[in-house]
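A short worksheet on the structure shown next.
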Amino acid sequence: MAMLCPLVSYQGTNSDSDTEAAARRDAAEAAAHLVESEAEQAEGSPSGQDTREAPILQLACAVCVFGTLLCVMTVVSLSLMVWLVFEYTQYNTATCDIPIQLWVQVVCLTALFNMACNQQDRHGSLGARVFCGWSYDPDNPERVPCRVQLYNLLVPVFTMVWNCVGLYWVSIARSVHPHSHRGHDSIHGDATGASSFLHSGNRLPCKEVAPELVNSVRAYASFNLLYSFFILFSIVGFSQTLYWLARRGLIRVSDAAPPGSLERNTEEVTLSDLAIAEQPQCSICLEDFKDTTDVMVKTKLCGHVFHKEHLANWLSMHRTCPLCRNDLGAMPRSEGP
């Protein structure tokens, strides 16, 4: 019996240790499952996606606001255009101190030219084909030539300049004489005075001859200047926002390299690599490799060296080598199926 007690005691201790080990394993597995489940919930939950989805949602809200403002401002611009044309028909024969009818005529011709020649289709605009001799080929896309870019910029710039000219002419128009009679009818009623005024080498003030036309020109030119700047800054801001999102991988562009292309098609190198002797600076940032401590990578296909961070940003927008245009998004042959 005395010998059995230690044996039982030993067996009891051994079974307790086995139980504790099993309990520890069960606790570890339970903890691992808990961590995995929490990670899956965090990844699938809205809070886990907020970091990536928040910029997209903000961009969507900005696009909605921009679209709404654009629609409202377009309707207002068209309304002012109708008012301008109506007032022109009322005062098209009036002669005054500024060429206000000429300004309205040029505005109307510019609008007709835009509608006829600058409407975009799948082959570009009619104006680019007629005046620049260039047509966009969807099956063989190419960079837009400089002459076409200049042509596309010419009409908006001319429109903005002409609106400024209209505002200048309206601002220098003489005010109505305090003792004169306002209105179109009163001017024609005093034919003798108007004739003597014109024969003396002067012209009647437009604010007296065509007051409503002057007001419509001022309103149309002022609003369209505001409209042009709104479109310009909105497009620039929108494009920069898209570029920022694409650089950070929040959205993908059609020309971007597939994920993992940097790791598959490049290898890290040091300053002792022979390729750095032939190419001493990064062609993306134009900094010498010896002056920085950034990680450097060399493409396996063409042997060009870049800073890893800069090439990663490049591949988020383009899939080709910045120097030779070899495809860095292709799967290496050794890893192919």
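The values are calculated or read from the model by the stated rules, or taken from the named source; none is laboratory data. A quick note: this is a predicted structure, and the numbers were derived from the prediction, not measured. No Cβ is skipped: glycine too gets one built from the backbone with ideal geometry, and neighbour counts run over all protein chains shown. Areas reflect the complete protein model, heavy atoms only, side chains present, ligands, DNA and RNA absent. Shrake-Rupley method; radii C 1.70, N 1.55, O 1.52, S 1.80 Å.
Checking region 129-144 against the condition returns no match, with no residue being out of contact with any strand residue (DSSP E or B) (no Cβ under 6 Å at 6 or more places or on another chain) and closer than 30 Å to Ser216 by Cα. Taking region 66-107 as the range and being part of a helix (DSSP H, G or I), farther than 30 Å from Phe238 by Cα and of a type outside the set (A, V, I, L, M) as the test, the residues that pass are Trp83, Phe86, Glu87, Tyr88, Thr89, Gln90, Gln101, Trp103, Gln105. Here Asn313 passes the criteria (1) modelled with pLDDT of 85 or more; (2) open to solvent by less than 70 Å² (accessible area, probe 1.4 Å) except the one numbered (1). Contact map, region 109-133: first residue within 16 Å of Arg143 (Cα to Cα) and touching a residue at least 24 places away in the same chain (Cβ under 8 Å), second residue hydrophobic (A, V, I, L, M, F, W, C) and outside any helix (DSSP H, G or I), Cβ cut-off under 6 Å, separation 6 or more or different chains; pairs are Ala128/Trp134. The number of residues in region 270-291 being out of contact with any strand residue (DSSP E or B) (no Cβ under 7 Å at 6 or more places or on another chain), free of Cβ contacts under 8 Å to residues at least 24 places away in the same chain and of a type in the set (S, T, N, Q) comes to 1.
Restricting attention to region 270-321, the residues that are among the β-branched types (Val, Ile, Thr), farther than 19 Å from Gly260 by Cβ, in contact with a helix residue (DSSP H, G or I) (Cβ under 6 Å, 6 or more places away or on another chain) and not in a strand (DSSP E or B) add up to 2.
Can you work out which of the residues in region 280-307 that are open to solvent by 70 Å² or more (accessible area, probe 1.4 Å) and among the basic types (Lys, Arg) is nearest to the chain's Cα centre (by Cα)? Among those residues, the one meeting the criterion is Lys300. Has region 259-279 got at least one residue that is within 30 Å of Gln58 (Cβ to Cβ), modelled with pLDDT under 85 and open to solvent by 50 Å² or more (accessible area, probe 1.4 Å)? Yes; the residues of region 259-279 include at least one that is within 30 Å of Gln58 (Cβ to Cβ), modelled with pLDDT under 85 and open to solvent by 50 Å² or more (accessible area, probe 1.4 Å). Candidates Val165, Val130, Val148, Val144: the one that is hydrophobic (A, V, I, L, M, F, W, C), under 24 Å from the mean Cα position of the chain (by Cα) and part of a helix (DSSP H, G or I) is Val148. Restricting attention to region 138-171, the residues being more than 18 Å from Asn114 (Cβ to Cβ), open to solvent by 50 Å² or more (accessible area, probe 1.4 Å) and not hydrophobic (A, V, I, L, M, F, W, C) number 8.
Screening region 319-337 for residues that are under 14 Å from Ser283 (Cα atoms) and out of contact with any Asp or Glu (no Cβ under 9 Å at 6 or more places or on another chain) and picking the one that is modelled with the lowest pLDDT gives Arg325. Scanning region 254-269 for residues that are in contact (Cβ under 8 Å) with a residue 40 or more places away in the chain and either part of a loop (DSSP other than H, G, I, E, B) or among the aliphatic types (A, V, I, L, M) (or both) yields Asp255, Ala256, Ala257, Pro258, Leu262. What about Ile100, is it β-branched (Val, Ile, Thr), within 20 Å of Tyr220 (Cα to Cα) and open to solvent by 70 Å² or more (accessible area, probe 1.4 Å)? No, not satisfied.
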